[in-house]
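So the structure is just underneath, and the comments pick up after that.
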Amino acid sequence: MKLSSITRTILIACAVLPAALPAAISHQDVFFDVPAELVSEDPPAPTAQLTALPGYPVDANRLTLVARLYLPDAAVHGSGPYPAVVILHGSGGVWSSDLIANGLSSQFREWGKSLSAMGYLALFPDSYNARGIPGNFGGRRPHHDPAQDDHLCSPNYERPKDVVAALTYLTGRSDFDGENVALIGFSHGAQTGMNAMLDPSIDLGSYTVSFVDSTPVPDTDPVEFVEETILKPVPSPVRIPEELPLPKVCAFFYGGGSHYRYHGSASSTAAGSYMMHRDTRALLFHGTEDSLLGVDDPSADAPLTGNLYPIKQALASAAQAATLGIDPPIRHHFLLAGVEHSFDGASLADEMDWNTPMESADQKAKRLCRPEVFKWLEALLKPRSGLSIEENAMTREVTVRSGTSSLLRYQWRQSSDLISWSDHLGEFDGTGAEATSAMTPQPGEHLFFQLGRWPIPPPLDDPDHAGFFLDYADFDLQ
């Protein structure tokens, strides 16, 4: 099975391309609260480095986040309003060396610069410092030991509140266009995003997690303990309120698939336990060398074996969509041979080394996967312009013109009655230049034109990438 279908929405217009001017990088730190109704416990004390930030509102009754916001260059993209992308960091945090004063880590600086240069607001919330966590949260899971427990910032039920807070903040900005928003998450942040984006069909009843408990051994001195795994009740997922914009695009990099049994058995592919919201379009990314994908031996011949929890989670999502009679929200699940966890943080190889042994699998994955995200952002978030129509009075030939994006594939269609539409000139990839369609109507005939657009399909069959993009058929899912 391959989750790689693409919705081809026919649109009356396409995006206006920005002028080819160098963009000035602008960013600022902003503060916003997790909505009070979502703060179920007394807020923890924020870290000293957060309270030291100028303007940070220290209030024991509020859970106030800090976020780095990148803004588009108004000289290139106009004064807005702009579409927005919320980026959720992984367990390593968002700041370089865990210090706010150092700014974002290089990985997130790259995303901020790229997204703002493309005309998006890029918001990077810090989920840790407001909760008293100075930095790395790696290795945490539901656990009796407070030093290992993830309850304070669980990606299942606590961090999704930050998604609601970020969307609430964006809706209050006059330079946000109000509807067009996307969500990108990495590892711990990917799991956070998946839980924030549950479909309304998913039951929000009783939820449990696989909790590491500790029991003292009788008559031992000093006291010894035996650890065991039990199911422990925890809060249900947090839904995005209807009055907030729902992310139209979600891109989740190397998120965990088991969620500590938060959605039931991690090995189940049955409907009903998990599906992202039906109104989003989601991309997933995992490498075979990533322990969270759980391949037993990544160098073995296909089919690859293992727990394969992220694949099974995607299959469960597809099963739920099938019961509802809708298209699966997950449009692509990129499974990458030889690629490790956190590949998006790798440094890109020199162009001369692309598709050679000098380019590592992680470098190649980063180079090929980021553009897939940009394609979907362009297709679903960017504003659309009208078509210009010219008629030659002498020949009666009608020419329709529109700008194109190099990230999108297009198709002209025509109709004489607005009911039946036919392809005109076939599909073509945008170049960033203007596209035209011409036709001479019959006497008395009226012609109508549409321009369909969708993301250029990924290069799955490119000979340079042979064996790199895997399919579900390459895995043993019995």
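The values are calculated or read from the model by the stated rules, or taken from the named source; none is laboratory data. Fair warning: this is a prediction, and the values are worked out from it, not measured in the lab. Heads up, the Cβs are rebuilt from the backbone with ideal geometry, glycines too, and the neighbour counts pull from every protein chain shown.
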**Report entry** Residue among Asp301, Asp290, Asp344, Asp350 that alone is over 28 Å from His188 (Cβ atoms), assigned by TED's automatic domain parsing to the domain that holds Gly178 and at pLDDT 95 or above
**Finding:** Asp350
Query - Top-ranked residue in region 191-230 [being among the hydroxyl-bearing types (Ser, Thr, Tyr) and under 25 Å from the mean Cα position of the chain (by Cα); ranked as nearest to His277 (Cα to Cα)] - result: Ser201
**Report entry** Residues located in region 353-370, provided they are surrounded by 16 or more Cβ atoms within 10 Å (Cβ to Cβ), assigned to a helix (DSSP H, G or I) and not polar (S, T, N, Q)
**Finding:** Ala361, Asp362, Lys364, Ala365, Lys366, Arg367, Leu368, Cys369, Arg370
Query raised in the report: Conditions: (1) free of Cβ contacts under 8 Å to residues at least 60 places away in the same chain; (2) of a type outside the set (Phe, Trp, Tyr); (3) part of a strand (DSSP E or B). Pro125 meets all but one. Number of the miss?
Result: (1)
Query raised in the report: What pairs come up if the first residue lies in region 194-206 and is touching a residue at least 60 places away in the same chain (Cβ under 8 Å), the second is among the polar types (S, T, N, Q) and not in a loop (DSSP other than H, G, I, E, B), and their beta carbons are under 9 Å apart, counting only those six or more places apart or on different chains?
Result: Met194/Gln313; Asp199/Ser317; Asp199/Gln320; Ser201/Gln320; Ser201/Thr323; Ile202/Gln320
**Report entry** region 115-138: number of residues that are surrounded by fewer than 17 Cβ atoms within 10 Å (Cβ to Cβ) and small (Gly, Ala, Ser)
**Finding:** 2
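One line per residue, one yes/no per condition, for (1) crowded, with 19+ Cβ neighbours inside 10 Å; (2) assigned to a loop (DSSP other than H, G, I, E, B):
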residue: Glu372; (1), (2): yes, no
residue: Leu377; (1), (2): yes, no
residue: Arg401; (1), (2): no, no
residue: Arg409; (1), (2): yes, no
residue: His424; (1), (2): no, no
residue: Thr431; (1), (2): no, yes
Query - Total residues in region 111-149, condition at pLDDT 95 or above, under 26 Å from Ala52 (Cα atoms) and in contact with a helix residue (DSSP H, G or I) (Cβ under 9 Å, 6 or more places away or on another chain) - result: 13
Query raised in the report: From the list Val76, Val66, which one is assigned to a strand (DSSP E or B) and either touching a residue at least 60 places away in the same chain (Cβ under 8 Å) or over 24 Å from Cys250 (Cα atoms) (or both)?
Result: Val66
Requested in this report: Could you give me the residue pairs with C-beta distances under 6 Å whose first residue belongs to region 364-378 and is without any contact (Cβ under 8 Å) to a residue 60 or more places away in the chain, whose second residue is surrounded by 21 or more Cβ atoms within 10 Å (Cβ to Cβ) wherever it lies, and which are 6+ apart or on separate chains?
Outcome: Lys366/Phe343; Lys366/Asp344
Query raised in the report: Quick one: would you say Ala349 is free of Cβ contacts under 8 Å to residues at least 60 places away in the same chain, surrounded by fewer than 18 Cβ atoms within 10 Å (Cβ to Cβ) and more than 21 Å from the chain's Cα centre (by Cα)?
Result: no
Report summary line: Filtering region 212-254 down to residues that are in contact (Cβ under 8 Å) with a residue 60 or more places away in the chain and touching a Phe, Trp or Tyr at 6+ places or on another chain (Cβ under 8 Å) yields Ser214, Lys232, Val234, Pro235, Ser236, Pro237, Val238, Val249, Ala251, Phe252, Phe253, Tyr254
Report summary line: If you go through Val163, Val94, the only one that is closer than 25 Å to Pro383 by Cβ, β-branched (Val, Ile, Thr) and at pLDDT 95 or above is Val163
